[in-house]
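A short write-up of the structure that comes next.
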Amino acid sequence: MKLTLDWLQNYVDLGGLAPEKLADHLTMLGLEVDAATPLYAELAPLRTGLVVAAEKHPDADKLTVCQVKIGEETHQIVCGAPNVHKDLAVVVALPGTLLPGDVKISKSKIRGVQSGGMICSERELGLGTAHDGIMELPENTEHGRIFIEALGLKDTFIEVDLTPNRPDCASVIGIAREVAGILGKPMILPVNGAKIENTSKEFAVEVESSKLCPRYAGRLIKNVKIGPSPWWLRKRLLSIGQRPINNIVDITNFVMMEYGQPLHAFDFDTLAGKKIVVRAPKDNEMIFTTLDGTTRSLDAEMMMICDGEKPVAVAGIMGGENSEVSDTTTTILLESACFNPVSIRRTARKLNLASEASYRFERGVDPEGTINALNRAVQLICELAGGQAPEDGVDCYGGRKEPQTLTLSVARTMSLLGISLTADEIVGLLGSIGLPCRALDDQLVLVDAPSFRVDIEREADLIEEVARLYGYNKIPVTLPTVALSYPEQDKQRQRRLDIADQLVAAGFTEAINYSFVSEKHTEMLGLAEGDKRCQAVRLLNPISEEQGVLRTMLLPGLLENVKRNINFQRTDLKLFEVGKVFSPAGENSQPVETMKLAGVLSGNRYGLSSPLHFKQEAVDIFDTKGSVEFILREMGFGFMDNSQDIHFAVPAEGCGEPYGETGYCLDVFHTSKKLGSLGKIKPEILRRFAIKHDVYFFDLDFQSICQPQIIDKKFASLPVYPSVKRDIAIVVPDSVSAGELLAAVRKHPDKLIESCELFDVFQGGKIAQDHKSVALSITYRSESKTLTEKNVEKSHDKILRLLTEQFGGTFRNA
């Protein structure tokens, strides 16, 4: 919002308030002042002058040699303007003056005649576009004065940055209301409480939708004379950067800035049927030419102002070329209306047409102020354009709303603001900015929310007003009371963060993919049509065809990550993702969300951090299985030999994942419940994702692996006594897994057994067919003494008997 200090002074007595202080007051009221700068400071060197003699140039027909008196001095200036004459008051730029546009004036000879300055036009001063003659000052202007003081141009320009919820301040009177409240001064309004008592019979108004146009008012003004505006009116518009056009248009613009109510003047003689109809355009009216000469395409949702036959304006945005006020106009119909903000905003965007009017209508115009602005403009037109206006008019107010009465608690106000106030003090503060209110008792205040304050809807809004008017800077600063209690954490989220940290520490990289995926992913993985994972939730308005459904698996997204990394020569990959998958739950129900943990491994076993003394080895199924064991151990399932019934099993024929290669897949179980699966992806599936490298995967139900309680960590002192190691190489049938041997040793009750590790599995050579050699390393240690050979042999013999008797094994000699 742009205004000047002098303009504001017309509506509230500022009492000599400095511009800087006013800017501080407005900013503390929540109306941030972007600028408060002197106006026309660049014109300060100019002086007023009086032409005491004007003679034709001896050597040029179109030039005049003028003698201009400026105070006690007379200067000879050669002027080419056709309107210069004797006794004319003018604006003079003397030698050394710098005009707008960096034009420096100096003494010169023009066709042989000395010229000591320049008589200026409005365009040269930046006060308008007229350049057909010099600027003529009022006859009684005293010569020798500073120009900006003589014409009242010495002023301060103020620009206020408004938030969208304060359309009431998109006017000079709206800003004045706020200033009056903070200064405790009364408001001075040119027109207030105006009404149209009688309905005119000379024209009619029809409004098809009171929702889109709550109020439409108009008055007829006859015998209007179109011409230039007086200087005071042009000065007001120029001071805020608007271009004066003619007296009628300038008055509508002035009143819009004054009251915040956009107005529009129609040439009444061009309106067919002498009527106004507010409606949507018809099918044959979809092309319309606005005042700026641009032809625009309309649609059926736009609101138009029409006469009895055709559209004549885009409602709330811009008038039409076919009803424009021209130099020959003698009768005008002046419109003052209130339109639906959403409709205006939508139309302005579609037409890519923003105006001062649409800016105000988009945010909300006060319907109760419509007639005040209309009558104010009618007064000015009658005064400045010689018009005659009947007292009657038309006021269609079909969208009238009853005022909302809000209750404000004094105790709650004091509690939220931390200050002490009485009901009468609150009434005084709110009443100072025009909010009708009354104290019901010592604890309650009733407030009628005014129509010009669209942002006041509840008690909290009133408390904010009290805080603004009381002064934010007066409210004491106190630290909030915060309870020293640890907030309850989402346990599943915390475990998700913990396992992500552990996997990153183990060499994995976390991937985060979109939940919107291509519906082709399930087909690319070879899932059967009856598979539940093929039943995806479709999006009504997808971003693209490749993101048309909600994902039912994490694996396709990880494979896309693998492909992208390989394309960038990053072939050694360990990726994981913890995220939600979605399955439909019915037509009118939200999809079921399930948390999953999936990962992929490809390339070198050690990735980019391969130790120098390790040879390059490709990942295999055992790396994948080890990763799953690591995850389960970190999630609280313990070691795999004492793992709360955790076990891996080869899926039955036809029951494995369709994208897993046969012989390279395992299912993971906790008792009888399946936690997930792992394995190697079939080459033909990888080719569908444009991947030529081997890729291993694991896919786990994260919600299921979060169920075990976290095992509390206990401190144990470091061993004091030395350990003793014994190795065993035992030949067992292929049907006996190495894990079973490890579990048997680790579960043995002998207290000297500290640990057991597998270090070799061998087949072939002298080993019988369908058998294998499994090598175990067992560590013995006592917590109370140093072990003797006899102690170790006694425990070791127990283990040897266990392995031979339970698994039918024999010891390997070589």
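Numerical summary
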quantity: Tally of residues being in a strand (DSSP E or B) and either surrounded by fewer than 17 Cβ atoms within 10 Å (Cβ to Cβ) or hydroxyl-bearing (Ser, Thr, Tyr) (or both) across segment 429-449; calculated: 4
quantity: Residue within segment 359-371 that is among the aromatic types (Phe, Trp, Tyr), at negative phi and outside any helix (DSSP H, G or I) present; calculated: no
quantity: Criterion violated by Lys401 - all others in (1) in a loop (DSSP other than H, G, I, E, B); (2) under 25 Å from Gly320 (Cα atoms); (3) open to solvent by 70 Å² or more (accessible area, probe 1.4 Å) satisfied; calculated: (2)
quantity: Subset of segment 325-357 [open to solvent by less than 10 Å² (accessible area, probe 1.4 Å), touching a strand residue (DSSP E or B) at 6+ places or on another chain (Cβ under 7 Å) and assigned to a loop (DSSP other than H, G, I, E, B)]; calculated: Thr329
quantity: Condition check for Leu233: crowded, with 18+ Cβ neighbours inside 10 Å, touching a Leu at 6+ places or on another chain (Cβ under 6 Å), in contact (Cβ under 8 Å) with a residue 60 or more places away in the chain and within 19 Å of Gln9 (Cβ to Cβ); calculated: no
quantity: Positions within segment 289-324 being assigned to a loop (DSSP other than H, G, I, E, B), open to solvent by less than 20 Å² (accessible area, probe 1.4 Å) and either basic (Lys, Arg) or closer than 22 Å to Val255 by Cα (or both), in sequence order; calculated: Ala315, Gly316, Ile317
quantity: Phe452 open to solvent by 30 Å² or more (accessible area, probe 1.4 Å), within 30 Å of Lys401 (Cα to Cα) and of a type in the set (Phe, Trp, Tyr); calculated: yes
quantity: Enumeration of residues in segment 732-756 that are of a type in the set (A, V, I, L, M) and in a loop (DSSP other than H, G, I, E, B); calculated: Val736, Leu752
quantity: Qualifying residue in segment 207-229 (condition: surrounded by fewer than 18 Cβ atoms within 10 Å (Cβ to Cβ), of a type in the set (D, E, K, R) and not in a loop (DSSP other than H, G, I, E, B)); calculated: yes
quantity: Residue under evaluation Glu42, criteria (1) under 50 Å from the mean Cα position of the chain (by Cα); (2) more than 30 Å from Phe157 (Cβ to Cβ), criterion not met; calculated: (2)
quantity: Odd one out for Tyr664, checked against (1) in contact with a Pro (Cβ under 9 Å, 6 or more places away or on another chain); (2) open to solvent by 50 Å² or more (accessible area, probe 1.4 Å); (3) part of a strand (DSSP E or B); calculated: (1)
quantity: Test: residue in segment 504-519 that is without any contact (Cβ under 8 Å) to a residue 40 or more places away in the chain, open to solvent by less than 60 Å² (accessible area, probe 1.4 Å), in contact with a Leu (Cβ under 7 Å, 6 or more places away or on another chain) and not in a loop (DSSP other than H, G, I, E, B); calculated: no
quantity: Elements of type strands (runs of 3 or more DSSP E) contained in segment 1-95, each with 3 or more residues being open to solvent by less than 40 Å² (accessible area, probe 1.4 Å); calculated: 32-39, 47-57, 60-70, 73-79, 89-93
quantity: Boolean, Val628 is part of a strand (DSSP E or B), at pLDDT 90 or above, touching a strand residue (DSSP E or B) at 6+ places or on another chain (Cβ under 7 Å) and on the phi < 0 side of the Ramachandran plot; calculated: no
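The values are calculated or read from the model by the stated rules, or taken from the named source; none is laboratory data. For clarity, every value in this text was computed on a predicted model and none was experimentally measured. So basically every Cβ, Gly included, is an ideal-geometry build from the backbone, and we count neighbours across all protein chains shown. What goes into the accessible areas is simple: the full protein's heavy atoms, side chains included, and nothing from ligands, DNA or RNA. Shrake-Rupley method; radii C 1.70, N 1.55, O 1.52, S 1.80 Å.
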